[in-house]
Structure formats: structure tokens, C-alpha cells
Amino acid sequence: MMGTMATRRVRWYPAIGRPLFFALAPESSHRLATALLGVPLPWARIGGATTDPALTTDLGGIALRNPIGLAAGFDKSCRHLGALGELGFGYVVGGTITRAARAGNPAPRIARSRRRRSMVNAMGLPNPGADAAAASLRRRARGPARRIVSLADEALDDVVSSLELLEPLVDGLELNASCPNVSWGRDGDNESHLRSLVDAVRARTPKPLFVKLPPFVTDTEREVVLTLAGIARDAGATGLTCSNTRPVADARLSVGRGGLSGRALWPLTTRIVADVHAATAGELPINACGGVFTADDVATCLEAGATTVQIYSALVYEGPGVVGDLTSGLAQRNVVLRGR
Ligand SMILES: Cc1cc2nc3c(=O)[nH]c(=O)nc-3n(C[C@H](O)[C@H](O)[C@H](O)COP(=O)(O)O)c2cc1C
């Protein structure tokens, strides 16, 4: 029965959905997806998520129906978190939201690498700003998935002001402390900036706060990220999201470089989760993010120390039925969830 449902779910996207979306430029296809999300389609059926008490878990105090989250950046406006949640996610991350609206970088600012099921983006944090995001969150019913909002800004005061507007409307917060233009190498500024950000949020809300870290490859990068993880923990962050995109050069983008997402990140993800888990003595829940595509990937992340996973590229490449595939695959595997 479950097998039949899964077969039906996965077939329409490769046959119809993906060719249609991929015939369009990346941002046009994202606009189409966003427009569709505004239509009251049977999203729960389209996502096909399995509801199973064995999948329920706790993410730093947030009760989740399953450990599959939507990563930040898919709904930068927070207008479609209800429909996205209906697909079956345990939680959805809206934003990243800044205090003022931003137009972002000039196009082209997303390039696909289809064979690698990856993308490079240099969006430059386009978003409608915290006031508009708050209005969207207020207007829309919370839906079955928990809501987390991702925040970032250059100035601490702006993050605090966005926080004050958005915090009452969400179940948790994520600090995007890892825009790909973060400077690399040991950088005292990044460390003190993160400490004051987490301090400032902690002083204002007891709600769960997650810090999204950059990925690492080299030993120097690893040392920087593990130091940032320790700072986040010591300053009172609830958990960590590992990781954001990896900075790469890409001549197809107007700004010549961007952040790599998708399957190309997968070889990094489990090692990063395991290292951050060990470095923080398993004290903080970790949301694994980066190239997660299958239920096996989810199980591998959970074994490496993650409490949940977040996906973005898998939704683009595999379609909304991926939520059903991940939840049913996980239910069949009888994995023990860390947050339980
Ligand atoms: C087009 C695009 C926009 C993104 N925007 C954001 C963002 O605003 N904030 C953020 O924290 N991450 C953003 N991300 C990163 C994703 O949340 C995620 O960390 C990354 O894509 C790795 O996961 P994936 O391999 O499942 O795609 C973006 C990714 C893409 C592809």
C-alpha cells in the first residue's frame, strides 16, 4: 500500500514537474512554484508525508511531527510557510529576513548544475523586510508544521528589531551567521559578532534559537566553525544548523561567485555533523543540512548526531513528494530519533 503511494508520488514529478520547472530559468521556476503555493491545491496529498507517532521528536523544546525541515531561503517572504508545511514537513524555516526590504544582487543569481543535482546562488538576501514578513506570518494560519524564521543583518540593532517583530509569530529562530560572504581564516570579528548576536537574542526571548554555521573543508575552516559552534553554545544558543552553502567561484552569476547547494555538499555533511556534535559534547541539537536527498541520507545524518535534517535542493530536484519519501523511508527504517 505504502509502496503504491510512493510510486505514484515520485512519477509525476520526473515526468511532468521537473521538465516543466527545468525548462525555465531557475528564478522563473521558483516564481512559478511560489505562485502555485499560493493556490489552495491538496498540498498534503501532493507531499504525501507519512504520519507515524514513531517519527515525532523534539527539537530544543519544539515538538515536531517528524524530523524533516525545510531549509531557509525557499520561502524568503514567509508567505507560503502554511502550504509548504502542509506538504508534510515537521518544520519550515522562513526567510532569511532582514530589517529593511532588500532587492538582492542583479540577475543571474542562481545557476543549476543538473548532473550534480546542485545549484550555486548569489541571491544577496532578497526579502520583503521584517515588517512585511510579520504581516504575512500574522495573516496566515500556523498550519501543521512548526515555523522558524531565519534572521540576518549587518547591524546588531537591526537583528534585534526584526526579532522583536517576528519572535511572537514563530516557534523558533535561526540566525544566519554563515552567509557565503563570511570571511575565512581565523577572524576575531566573526567570533565576537556571533557572541553579541546570540547574547542579544537570548536577552530578549527564551524561544529556541538555532545558529546556522558555514560548512568546512580545510583544517583551518574546521577550526573556525568548531570555534563558532562553541561560542554559540556558550552564549546560550539552543541548537545548530550544519551547514549553509559553500562559497565557490561561478562565472554564470552576475557577481562571479556564490554558495554551492545540493548533492555536491553531501560528502561534507555527515563529517561536519559528527565533528560539531563531538566538539559540543552532544549538548546541542543539530539540524543537518547539505545535499540530503534520501531516507538513507536522513538516517546517516541522525547516526552522525543530528536531531533533524533540513532540505532545499532535494525539493527542487525530486519535487514535493520527497517529503513523503523521506518520512515513509524513515518510518520503515525504525530509526531511533535523538530528540525523543
Ligand atoms: C536559492 C537559494 C537561496 C538560499 N537562501 C538562503 C537564505 O536566505 N538563508 C539561509 O540561511 N540559507 C539559504 N540557502 C541555503 C539553504 O538553506 C541550505 O543551507 C543549502 O541550500 C544546503 O542545503 P541543500 O543541499 O539541501 O540545498 C539558500 C539556498 C539556495 C539554493
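The values are calculated or read from the model by the stated rules, or taken from the named source; none is laboratory data. Because the structure is predicted, anything quoted here is derived from the model rather than measured. Using ideal geometry, Cβ is built from the backbone for each residue, glycine included, and neighbour counts are taken over all protein chains shown.
Which of (1) surrounded by fewer than 22 Cβ atoms within 10 Å (Cβ to Cβ); (2) out of contact with any helix residue (DSSP H, G or I) (no Cβ under 7 Å at 6 or more places or on another chain) is the odd one out, the single condition residue 144 does not satisfy?
Among (1) surrounded by fewer than 22 Cβ atoms within 10 Å (Cβ to Cβ); (2) out of contact with any helix residue (DSSP H, G or I) (no Cβ under 7 Å at 6 or more places or on another chain), the lone unmet condition for residue 144 is (2).
Quick one: would you say residue 100 is under 20 Å from residue 212 (Cα atoms), touching a helix residue (DSSP H, G or I) at 6+ places or on another chain (Cβ under 8 Å) and aliphatic (A, V, I, L, M)?
Against the criterion (under 20 Å from residue 212 (Cα atoms), touching a helix residue (DSSP H, G or I) at 6+ places or on another chain (Cβ under 8 Å) and aliphatic (A, V, I, L, M)), residue 100 does not qualify.
Please find, among 250, 275, the residue that is out of contact with any Asp or Glu (no Cβ under 7 Å at 6 or more places or on another chain), away from the ligand (no atom under 16 Å from the Cβ) and either closer than 30 Å to residue 20 by Cβ or at pLDDT 95 or above (or both). Even if it seems obvious, please write down each step before you answer.
Numbers: 250 fails: away from the ligand (no atom under 16 Å from the Cβ).
The unique qualifying residue is 275.
Go over the candidates 205, 280, 227, 238 one by one and state the one that is touching a Phe, Trp or Tyr at 6+ places or on another chain (Cβ under 7 Å) and more than 16 Å from the ligand (Cβ to nearest atom).
Working: 205 fails: touching a Phe, Trp or Tyr at 6+ places or on another chain (Cβ under 7 Å); 280 fails: touching a Phe, Trp or Tyr at 6+ places or on another chain (Cβ under 7 Å); 227 fails: touching a Phe, Trp or Tyr at 6+ places or on another chain (Cβ under 7 Å).
Just a single option satisfies the conditions, and that option is 238.
Name every residue in the range 312-338 that is surrounded by fewer than 20 Cβ atoms within 10 Å (Cβ to Cβ) and either in contact with an Asp or Glu (Cβ under 7 Å, 6 or more places away or on another chain) or in a loop (DSSP other than H, G, I, E, B) (or both), in order of residue number.
331, 334, 335, 336, 337, 338
For the range 113-133, indicate whether the set of residues that are assigned to a loop (DSSP other than H, G, I, E, B) and free of Cβ contacts under 8 Å to residues at least 40 places away in the same chain is non-empty. Break it down stepwise before answering.
Keep residues of the range 113-133 that are assigned to a loop (DSSP other than H, G, I, E, B), which gives 117, 122-126, 128-129.
Still in the list and also free of Cβ contacts under 8 Å to residues at least 40 places away in the same chain: 129.
There is at least one residue in the range 113-133 that is assigned to a loop (DSSP other than H, G, I, E, B) and free of Cβ contacts under 8 Å to residues at least 40 places away in the same chain.
Would you call residue 68 surrounded by 22 or more Cβ atoms within 10 Å (Cβ to Cβ), closer than 25 Å to residue 254 by Cβ and in contact with a helix residue (DSSP H, G or I) (Cβ under 6 Å, 6 or more places away or on another chain)? Steps first, answer last, please.
On the way: surrounded by 22 or more Cβ atoms within 10 Å (Cβ to Cβ): yes; closer than 25 Å to residue 254 by Cβ: no; in contact with a helix residue (DSSP H, G or I) (Cβ under 6 Å, 6 or more places away or on another chain): yes.
In short, no.
Scanning for something within 30 Å of residue 108 (Cα to Cα), within 13 Å of the ligand (Cβ to nearest atom), surrounded by 24 or more Cβ atoms within 10 Å (Cβ to Cβ) and touching a residue at least 40 places away in the same chain (Cβ under 8 Å), does the range 299-310 turn up at least one residue?
Looking only at the range 299-310, we keep the residues that are within 30 Å of residue 108 (Cα to Cα), and these are 309-310.
Those still in the list that are within 13 Å of the ligand (Cβ to nearest atom) too: 309-310.
From what is left, the residues that are surrounded by 24 or more Cβ atoms within 10 Å (Cβ to Cβ) are 309-310.
Going one step further and asking which of them are touching a residue at least 40 places away in the same chain (Cβ under 8 Å), we end up with 309-310.
Checked the range 299-310: at least one residue is within 30 Å of residue 108 (Cα to Cα), within 13 Å of the ligand (Cβ to nearest atom), surrounded by 24 or more Cβ atoms within 10 Å (Cβ to Cβ) and touching a residue at least 40 places away in the same chain (Cβ under 8 Å).
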